[in-house]
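Computed from the coordinates by the stated procedures, all read-outs in this text should not be read as laboratory data. The structure presented is a predicted model; accordingly, all values stated were derived computationally and were not measured.
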Amino acid sequence: MHKQMFKVVCPIEKKDGTGTFWGRAGVAYRNKDESINIYLDFLPTNGKLQLREFSEEELRERDGKRASYTNRASMATLPASAQEPIPF
């Protein structure tokens, strides 16, 4: 079971005036008391933000990335002779 998470997105006008795209502005998490904490990476100049729930696919992808970070961190604590070379 995942803690309920949201993407915080902001509509951004294209410079050439041909439309709008949604930029990722941060993340938000629902607390036990149903309140929501929002963590922004930037403040929108247009004052518009939207919360969108992460899809199951996005959550699985996130968990996979976290697992790879954990594996890398555990490899960093091993002596150099025990680490496998990383192919480039």
For region 11-21, in residue order, the Karplus 3J(HN,Hα) values (coefficients 6.51, -1.76, 1.60; θ = phi - 60°; whole Hz; Gly and Pro = x) are x, 10, 6, 5, 4, 7, x, 8, x, 10, 10
Quick one: which residues, 5 or more positions from Gln4 or on another chain, have an amide H under 5 Å from its amide H? H modelled 1.01 Å from N in the peptide plane, none for Pro or chain starts. Arg30
